[in-house]
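Chemist: Can you keep this structure in mind? I'll have questions shortly.
None of the figures in this text is laboratory data; all of them are computed from the coordinates on show. A quick note: this is a predicted structure, and the numbers were derived from the prediction, not measured.
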Amino acid sequence: MNTRSEPGNDIYRKATADDVRHVLGEIEDVTLAEILSYAPSFHDLSDAAIWARGDGDLIAREHRELSANALAIAELLSRAEEEEAPQQG
């Protein structure tokens, strides 16, 4: 049996809104829409989440780099986190 053809098992399939919420938790609708505008794969989404939480060394150990979509999403997540942080001043 080929598990890649079974729904939900192909990490290179296009990520859905449910996938985004599953991987990233509750996020703003605007952020969700922007992430989906990149048409990322589930793999891109997973890598971006790993990178954004500061675990990029896990990806580096596999001797691979983030895809353009994953990098864009990771940067978006970092910006969103900075905007949510309480302002000091």
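Chemist: Give me, ordered by chain and number, the residues 5 or more places off SER41 or on other chains with an amide H under 5 Å from its own placed amide H.
Modeler: Those lying under 5 Å, H to H, from SER41 are ALA15.
Chemist: In Å, the Kirkwood hydrodynamic radius of the stretch 11-80 over pairs of distinct alpha carbons?
Modeler: Result for the stretch 11-80 stands at 11.8 Å.
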